[in-house]
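Everything on this sheet refers to the single structure shown next.
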Amino acid sequence: MVPSSPSMPAPVQPHAEGGAARAPRKDGLDALRAAAILAVLAFHAPASAYQALPSWLSAGFHLGWVGVDLFFVLSGYLIGRQVFAPAEPGGLGAELRTFWVKRWLRTLPLYFLVLTAYALKPWVSGTPFVGGGWHYALFLQNFTDLRDFEQSWSLCVEEHFYLLLPLLAFGLGGRRWPAFTWLLPVGLSLLLRLHARATLQEGLGASEVWVRLQWPTFQHLDGLCAGVFLARTAGTWRRWPARLRTLCGVLGTAMGVAALGVCMPRLQAQGGVWLVTGLALGFSGWLVAMEGVRLPAAVRWPVYQVSALSYGAYLWFGPILRAFERRADALPPALTLVAFPATTLAVSWVTYRAVEQPCLRLRDRLLARFTEARRGLTAPGG
């Protein structure tokens with residue numbers, strides 16, 4: 001890592017999952033995560049800057065929402081690696097405790113900090129937290145008509161996934177199931193979207209149809225479960241030759257482009273039903289191609305910084321976007337396009353240092369304590 005000078009913020013340091021035994025970072029996965037958050041920030045660029053872009057560039061920005069679907073595949077894969085790791089000593093209770101401590105100390109503290117910021121909006125900025133309520137604390141807002149903190153719908157899907165996946169894998173012996181069973185929820189989500197589309201009232205706009213097919217948890221398991229499937233089968237595809245893995249990336253790109261080209265114009269019909277599945281398959285190909293990639297040293301550092309700050313950036317971009325929109329004429333459009341993601345990443349760096357890293361250290365201490373307790377129980381005379 002590049003050493004920091006006293007006049008510059010210290011860079012984010014790697015903090016791999018898992019406590020004392022740190023797994024080496026994967027450059028390719030960091031690159032995918034960085035690409036995903038930059039795509040999301042491009043999609044949500046302030047309107048004044050967005051409208052000043054050339055048409056070909058604004059069309060690319062308009063597709064940045066697919067970064068969320070890339071995040072889902074990455075999350076399913078990374079959490080699947082944890083699920084399919086060697087079993088924890090101590091039985092089901094120990095495995096569930098370890099899994100949930102890892103995930104919830106990683107995701108919940110910053111989420112509730114940002115949620116508090118939204119709840120304080122009436123007193124801080126004089127604007128209401130539209131639709132806010134207790135359901136945000138329970139991650140149920142993706143089943144409602146979201147008007148504020150909209151990006152939290154995907155956090156709901158993730159948290160429900162973190163709750164259910166270990167129950168299936170540890171409690172029902174899912175680690176021993178054939179790999180293809182982890183793709184069954186993809187079919188379930190597809191069927192549920194078909195049902196939801198068939199029962200929607202007529203006359204809804206494309207965006208209204210899309211959010212009703214996209215936000216509910218069980219209608220959006222495609223990417224997560226595709227990622228779990230890749231984690232379950234990693235021992236096979238990691239041994240594939242580089243050319244074959246590159247071909248997976250090419251085919252994944254073709255699948256994603258085809259899904260967007262065919263389904264996007266038909267969101268009000270059946271396009272929204274199939275689009276999520278097409279993107280999940282396409283990004284799965286990307287993951288296979290990128291998982292073993294090593295980046296040049298000059299590129300690795302900035303890519304890791306953006307990757308490490310991606311969770312905070314995803315949570316914070318909403319209020320930062322509103323601040324930019326309130327002062328739409330303060331900066332030229334070109335400068336706004338740079339200032340918006342830079343400000344979002346800067347705020348994310350602050351909360352990474354102040355909230356995320358302390359919680360990660362707490363997590364590691366708790367996991368080490370669990371390990372010591374198990375050793376004491378299994379020691380002679382323990």
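The values are calculated or read from the model by the stated rules, or taken from the named source; none is laboratory data. Not measured: the values here are computed from a predicted model. Note that each Cβ is placed from the backbone with ideal geometry, even for glycine, and that neighbours are counted across all protein chains shown. Side chains included, ligands, DNA and RNA excluded: accessible areas come from the protein's heavy atoms. Shrake-Rupley method; radii C 1.70, N 1.55, O 1.52, S 1.80 Å.
Think of segment 124-223 as a dipole: +1 on every Lys or Arg Cβ, -1 on every Asp or Glu Cβ, centred on the Cα centre; then among 182, 152, 220, 182 lies furthest on the positive end.
Any idea what the relative contact order of the chain is, in percent, if you count C-alpha pairs under 8 Å spaced at least 6 apart? Could the numbers behind the result be given before it?
On the way: 450 pairs, mean separation 108.0, N = 382.
Dividing the mean separation by the residue count of the chain yields 28 percent.
For the chain, what is the mean residue ellipticity at 222 nm derived from helices alone (per DSSP H run of n ≥ 4: -39500 (n - 2.57); sum divided by total residues; nearest 500 deg cm²/dmol)?
On the way: 17 runs with 247 residues, N = 382.
About -21000 deg cm²/dmol.
Note on the chain: with a GNM built from Cα contacts shorter than 10 Å, the maximum mean-square fluctuation among 247, 267, 204 falls on 204. Go ahead and set up a Gaussian network model of the chain, Cα springs under 10 Å, then flag whichever of 320, 37, 79 fluctuates most. For the chain, modelled as a Gaussian network with Cα springs under 10 Å, the answer is 320.
Split the chain at each of the trypsin sites (Lys or Arg not before Pro) in a DSSP loop with at most 10 other beta carbon atoms within 10 Å, and the longest piece is 1-238. Two tests apply to each whole DSSP H helix in the chain, Cα reach of 20 Å or more along its axis and mean Kyte-Doolittle hydropathy of at least -1.0, and the ones passing both are 27-43, 66-83, 91-119, 152-166, 184-199, 242-263, 271-290, 310-326, 333-351, 357-378.
Calculated accessible area for segment 247-347 comes out at 46 Å² per residue, all protein chains present (probe 1.4 Å; ligands, DNA, RNA ignored). Segment residue 334..residue 51, full-extension length gain: 100.8 nm, with 0.36 nm per residue of separation and the alpha-carbon distance subtracted. With springs connecting C-alpha atoms under 10 Å apart, model the chain as a Gaussian network and identify which of 355, 73, 306 has the largest mean-square fluctuation. Of 355, 73, 306, the Gaussian network model singles out 355 as fluctuating most. Maximal additional length on extending the residue 264-residue 242 stretch stands at 4.7 nm, based on 0.36 nm per residue less the C-alpha distance. Extent of segment 213-340 along its three principal axes (Cα atoms, max minus min coordinate, largest first): 53, 47, 25 Å.
In debye to the nearest 20, how big a dipole does segment 216-308 give about its Cα centre with +1 on each Lys and Arg Cβ and -1 on each Asp and Glu Cβ?
Details: 8 positive and 2 negative charges, 74 e Å.
Result for segment 216-308 is approximately 360 debye, rounded to the nearest 20.
The residue among 320, 342, 252 whose Cα reaches farthest toward the positive pole of the charge dipole of the chain, with charges on the beta-carbon of Lys, Arg, Asp and Glu, is 252. Placing +1 on each Lys and Arg Cβ and -1 on each Asp and Glu Cβ, with no other charges, gives the chain a dipole about its Cα centre of roughly 1140 debye. Take the Cα of residue 295, step 7 Å toward its Cβ, do the same at residue 151, and the gap between the two points is 1.9 nm. Taking the square roots of five times each eigenvalue of the Cα gyration tensor of segment 289-343, the equivalent ellipsoid has semi-axes of 30, 14, 8 Å, listed largest first.
The three principal axes of the C-alpha atoms in segment 53-201 carry coordinate ranges of 52, 38, 35 Å, sorted with the longest axis first. Modelled spin labels at residue 87 and residue 359, positioned 7 Å past Cα toward Cβ, are 3.1 nm from each other.
This model, with +1 at the C-beta of Lys and Arg and -1 at the C-beta of Asp and Glu, gives segment 62-114 a dipole about its Cα centre of some 120 debye. Surface composition of the chain: carbon and sulfur atoms hold 69% of the protein heavy-atom accessible area at a 1.4 Å probe.
For the pair residue 368 and residue 206, what calculated FRET efficiency results from E = 1/(1 + (r/R0)^6), where r is the Cβ-Cβ distance and R0 = 45 Å, to the nearest 0.05? Computed FRET efficiency for residue 206 and residue 368: 0.35.
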